Amino acid sequence: MNSSEWIWRSGRLQPWGEATIHVNAVGHASVAAVFEGIKAYLAEDGENLLLFRLEDHLDRLYHSARICRVEIPYTRDELAEAILGLLKANRASADTYIRPWAFPEGLIREQMVPAGVRCEVVVDSWPFQSGFKREGCRAAVSSWLRVTDASTPPRVKAFSNYHNGRLALMEARENGHDWPILLNEQHKVSEGPGACIAMVRDGVVVTPSLSSGVLESITRSTALTLLAEEGYEVDERPVDRTELYLADELFFLGTAWEVLPITTVDGLRVGNGTAGPVTERLYELYFSLVRGRAGRHLSWLTPVPVGAHV
Ligand code: PMP
């Protein structure tokens with residue numbers, strides 16, 4: 001099921017089936033919508049869900065909203081409370097995906113959102129089981145370029161940006177691959193449609209820099225921290241397309257995709273065709289962290305008691 005019993009909508013919990021809007025509000029009004037994707041993981045003890053880097057996700061939501069001039073009429077604390085309340089109302093007891101989003105309210109027929117237009121804020125959530133996909137995925141460099149900071153900034157997490165990712169995804173699937181890798185307007189590697197990308201070359205973990213046309217990914221920053229703590233050399237720099245073909249390991253990084261090995265790129269096998277040792281190690285580190293086993297970075301974990309009632 002892709003939903004839960006309750007949704008949080010502009011200050012109160014609402015039954016999922018009643019959370020509707022007028023059809024006229026779907027067009028231009030949603031062009032400006034910004035959102036976040038957050039995961040809550042079942043802790044090892046089974047007693048708590050652990051929201052991963054909630055504050056960082058909320059910060060990014062407000063950054064996206066600021067750039068798009070969408071005024072969110074709630075504080076960070078109020079939205080954090082809303083998310084905790086929603087998980088409790090839904091008696092969430094397994095890995096869960098949480099999506100807060102904000103959009104200008106009303107039947108707006110113009111592209112402009114004048115200052116002072118009220119914004120609706122919605123939080124929905126649904127069960128999302130996690131696990132390592134060792135078999136990985138087949139990726140292909142897209143003929144579509146990533147949107148650019150000069151036109152439709154990829155730093156913003158706006159639904160509109162996913163039009164770009166969708167075009168690339170459709171092309172990749174048409175050609176028999178699983179996921180596209182988009183190049184930026186300088187024809188350097190940027191990211192996938194819903195995840196950042198990293199490679200291992202000669203023992204160094206390399207990922208495109210934050211000016212390469214990427215979302216400021218929280219999984220990417222987590223991975224860089226964990227790998228550096230493990231003693232790996234990490235490098236954020238522009239990455240050429242042909243480096244993808246020479247990489248010893250390649251993987252996507254994202255809240256939903258977590259650590260996803262890439263086993264072929266444009267039909268060329270990466271490494272020995274399964275998850276490489278750095279990818280495997282990163283996965284172990286990431287999962288022991290998000291499930292509270294690592295005993296480190298505890299400030300990144302917000303516990304919510306499992307199965308609690310409102
Ligand atoms: N890039 C894009 C385009 C994304 O949609 C996502 C998913 N939010 C990411 C990168 C990864 O970001 P994060 O690790 O914060 O989920």
Q.
Could you tell me the calculated FRET efficiency between residue 126 and residue 76, based on Cβ-Cβ distance and R0 = 30 angstrom, to the nearest 0.05?
A. 0.85
Q. Where the only charges are on Cβ atoms (+1 Lys, Arg; -1 Asp, Glu), what is the dipole of the chain about its Cα centre, to the nearest 20 debye?
A. 520
Q: Could you work out how far apart the two model spin labels at residue 22 and residue 174 are, taking each label as a point 7 Å from the Cα in the direction of the beta carbon, and quote it in nm?
A: 3.8
**Q.** Nonlocal amide H pairs with residue 51, under 5 Å, H built at 1.01 Å
**A.** 41, 302, 304
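Determine the calculated [θ] at 222 nm for the chain from helices alone, applying -39500 (n - 2.57) to every DSSP H run no shorter than 4 residues and normalising by the residue count; nearest 500 deg cm²/dmol. The partial results should precede the final answer.
Values: 6 runs with 73 residues, N = 310.
Computed mean residue ellipticity for the chain: -7500 deg cm²/dmol.
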Q | Fraction of accessible area attributable to carbon and sulfur, the chain (%, probe 1.4 Å) | A | 51
Q.
How much length would be gained if the chain were fully extended between residue 44 and residue 187, taking 0.36 nm per residue of separation minus their Cα-Cα distance, in nm to one decimal?
A. 47.2 nm
Q) Where Rh is the Kirkwood radius over the Cα pairs of the chain, the temperature 4 °C and the viscosity 1.567 mPa s, what D in µm²/s does Stokes-Einstein return? A) 64
Q) Based on the Kirkwood radius over alpha-carbon pairs, what value in µm²/s does the Stokes-Einstein equation return for the translational diffusion coefficient of the stretch 6-127 at 10 °C and 1.306 mPa s? A) 106
Q: For residue 201, put the label point 7 Å out on the Cα→Cβ axis and report which residues of the stretch 227-248 keep their amide N under 20 Å from it.
A: 227-228, 232-248
Q) Taking only protein heavy atoms and a 1.4 Å probe, what accessible area per residue, in Å², does the stretch 137-290 have with all protein chains in place? A) 40
Q: Quick one: compute the contact order of the stretch 145-293, relative version, from alpha carbon pairs under 8 angstrom and 6+ residues apart, as a percent.
A: 19
**Q.** Cross-link partners of residue 88 among lysines (Cα-Cα below 27 Å; sequence separation of 8 or more within a chain)
**A.** 39, 157
**Q.** Debye, to nearest 20: dipole size of the stretch 24-97, +1 on Lys, Arg Cβ, -1 on Asp, Glu Cβ
**A.** 360
**Q.** Selection from 100, 193, 16 lying farthest towards where the dipole of the chain points positive, charges on Cβ
**A.** 16
Q: Could you work out how far apart the two model spin labels at residue 66 and residue 152 are, taking each label as a point 7 Å from the Cα in the direction of the beta carbon, and quote it in nm?
A: 2.4
Q | Accessible area, probe 1.4 Å, largest first, for residues 98, 21 | A | 21, 98
Q.
How much of the DSSP bridge set in the stretch 137-290 is antiparallel, in percent, rounded to the nearest 5?
A. 60
Q) For the stretch 137-290, what D do you get in µm² per second when you plug the Kirkwood radius from alpha-carbon pairs into Stokes-Einstein at 10 °C and 1.306 mPa s? A) 104
**Q.** Cβ-Cβ FRET estimate between residue 266 and residue 55, R0 fixed at 41 Å, reported to 0.05
**A.** 0.60
Q) Which order do 60, 76 take when ranked by solvent-accessible area (1.4 Å probe, heavy atoms of all protein chains), largest first? A) 76, 60
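The values are calculated or read from the model by the stated rules, or taken from the named source; none is laboratory data. The shown structure was predicted, so the numbers you read here are calculated from the model rather than taken from an experiment. Because the Cβ atoms are built from the backbone with ideal geometry, glycine has one as well, and the counts that use them run over all protein chains shown. Heads up: the accessible areas ignore ligands, DNA and RNA and are worked out on the full protein's heavy atoms, side chains in. Shrake-Rupley method; radii C 1.70, N 1.55, O 1.52, S 1.80 Å.
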